Amino acid sequence: MELAALVAAAMAGLAGGLGAGWHAGRRWGREEGKALGALELHRRALRNGRCPICGARGGGAVREPGLSVVKMHGLGNAYVYVDLAAGDVALPEGVTWPSLARAVADPHLGIGSDGLILMARGRAAPAAMRIFNADGSEGEMCGNGIRAVAMWMHQRHGLPRHFDVETLAGLRSVEILESPSFGRARVRVDMGAPHEVGPAGSALGDSVSLEVRGERLEVWPISVGNPHAVLFVEDVDRAPVREVGPLIERHERFPGRVNVEFVQVVEPGRLKMRVWERGSGETMACGTGACACVVAAAATGRAGRRAEVELPGGRLEVEWDEPDPGHPLGRIRMTGPARLVMEATLPWDWVKEASAR
Ligand SMILES: N[C@@H](CCC[C@H](N)C(=O)O)C(=O)O
């Protein structure tokens, strides 16, 4: 009964756009709904006994019926998020974050996503995140994911517009530029400085030549916290992303595997890109990949340091600052949208079974 009420509350919240605070067919106070979301208000009411709107009883301590998750995306690069800032989660025995990432990513048996992202309060910063790809491998950073984390921590947990987020690639600073309604935002991220991932002594702008399918391909290996291999192509719509992408991802030259970007320079301020992501395959967008492309294009004189990157899911603005004494390689700033898709509860039985597959 309680699970049914929770699911109904989640669906009602979705139908009402959450920000409006709909629950069980009735509207909650706008401000309350905006700050907490209808499902969270329902949960809080259950903790005190009974939800005054739908009548469900919690009887004090509520046994959570499952794992609360959120799905958000940046330009169609979608992840399922677990909000550890709302409370610790004890996963059932045998379930790990990588196994859960594989389970939720499945479009038929799970939710469907490019992976899983954990959000939490940080030790050295107000927020922290970890990203797991659809195959369960862990990446150091996610440019589209961090914008969604910034939106969620600002809108749901009341963090200010500007704060730092801990990632495996180090601290990243985020700034909410627009937050017109719950679940929608435009965010700028200071992505730090790029660096080369070539052999010792190589510099940004140096390429490596790889043998792939009996052909020599020139790629630019660039790290923006996580590793990328950028290839310039004449026509990105015809690029062999799904054929060549996986071969470069696992090429012996990249023992830790690599994200692969195919980029067409349309004009010096406009790039078109498709990506084969390490651990997730072709996705609709990659924030770190877009930054790597702008660095590769600018470092080789193909484009300027400021460009709009057009991806299958939409556009990102990327600026690569001139070097300064504190940042001899220059900092990169990326700006783009974040959107909430849904809040849901995964039954514990599903979590156990799906993660064992
Ligand atoms: N989609 C992301 C990058 C996610 C991690 C990547 N697949 C890796 O393994 O490094 C982005 O928007 O940057």
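Please indicate, with yes or no, whether at least one residue in segment 200-215 is closer than 21 Å to residue 145 by Cβ and touching a strand residue (DSSP E or B) at 6+ places or on another chain (Cβ under 9 Å).
Residues of segment 200-215 closer than 21 Å to residue 145 by Cβ: none.
The answer is no; no qualifying residue exists.
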From 99, 179, residue being assigned to a strand (DSSP E or B) and more than 16 Å from the ligand (Cβ to nearest atom):
179
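Determine whether residue 165 is assigned to a strand (DSSP E or B) and not assigned by TED's automatic domain parsing to the domain that holds residue 301. Walk me through how you get there before you give the answer.
Details: assigned to a strand (DSSP E or B): yes; not assigned by TED's automatic domain parsing to the domain that holds residue 301: yes.
Answer is yes for this residue.
Which members of segment 266-282 meet the condition of being within 16 Å of the ligand (Cβ to nearest atom) and either out of contact with any Pro (no Cβ under 9 Å at 6 or more places or on another chain) or not basic (Lys, Arg) (or both)?
Within segment 266-282, 271, 273, 275, 276, 277, 279, 280, 281, 282 meet the criteria.
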Determine which member of the set 224, 260 is in contact with a Pro (Cβ under 6 Å, 6 or more places away or on another chain), buried (at least 24 other Cβ atoms within 10 Å of the Cβ) and either at pLDDT below 95 or not small (Gly, Ala, Ser) (or both).
224
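Go through segment 101-119 and count every residue that is touching a residue at least 40 places away in the same chain (Cβ under 8 Å) and under 16 Å from the mean Cα position of the chain (by Cα). Reasoning before the result, please.
Quick first cut of segment 101-119, residues touching a residue at least 40 places away in the same chain (Cβ under 8 Å) only: 102-106, 109-111, 113-115.
Checking which are under 16 Å from the mean Cα position of the chain (by Cα) leaves us with 102, 104-105, 111, 113-115.
The number of residues fulfilling the criteria is 7.
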Mind checking whether some residue in segment 136-159 is away from the ligand (no atom under 15 Å from the Cβ), free of Cβ contacts under 8 Å to residues at least 60 places away in the same chain and not in a helix (DSSP H, G or I)?
yes
Going through segment 283-315 one residue at a time, which ones are closer than 12 Å to residue 332 by Cβ, of a type in the set (Val, Ile, Thr) and near the ligand (Cβ under 8 Å from one of its atoms)?
288
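Scan segment 269-289 and tell me whether some residue there is outside the structural domain of residue 70 (by TED's automatic domain parsing), hydroxyl-bearing (Ser, Thr, Tyr), under 30 Å from residue 70 (Cβ atoms) and part of a strand (DSSP E or B). Lay out the reasoning, then the answer.
Filtering segment 269-289 for residues outside the structural domain of residue 70 (by TED's automatic domain parsing) gives 269-289.
So of that shortlist, the ones also hydroxyl-bearing (Ser, Thr, Tyr) come out as 280, 283, 288.
Restricting the remaining residues to those that are under 30 Å from residue 70 (Cβ atoms) gives 280, 283, 288.
Remaining after also requiring part of a strand (DSSP E or B): 283.
Taking every residue of segment 269-289 in turn, at least one turns out to be outside the structural domain of residue 70 (by TED's automatic domain parsing), hydroxyl-bearing (Ser, Thr, Tyr), under 30 Å from residue 70 (Cβ atoms) and part of a strand (DSSP E or B).
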Taking segment 110-135, which residues are more than 16 Å from the ligand (Cβ to nearest atom), touching a helix residue (DSSP H, G or I) at 6+ places or on another chain (Cβ under 8 Å) and over 16 Å from residue 67 (Cα atoms)?
121, 126, 127
Restricting the search to segment 185-221, which residues are part of a strand (DSSP E or B), within 25 Å of the chain's Cα centre (by Cα) and modelled with pLDDT under 95?
195, 196
Across segment 242-256, which residue is modelled with the lowest pLDDT among those that are within 14 Å of the ligand (Cβ to nearest atom) and surrounded by 18 or more Cβ atoms within 10 Å (Cβ to Cβ)?
254
Let me spell it out: the conditions are (1) surrounded by fewer than 24 Cβ atoms within 10 Å (Cβ to Cβ); (2) within 11 Å of the chain's Cα centre (by Cα), and residue 95 meets all of them except one. Which number is the exception?
(2)
Residue hits (segment 227-241; surrounded by 23 or more Cβ atoms within 10 Å (Cβ to Cβ) and among the β-branched types (Val, Ile, Thr)) are 230
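The values are calculated or read from the model by the stated rules, or taken from the named source; none is laboratory data. Since we're looking at a predicted model, the values are computed, not measured. Note that each Cβ is placed from the backbone with ideal geometry, even for glycine, and that neighbours are counted across all protein chains shown.
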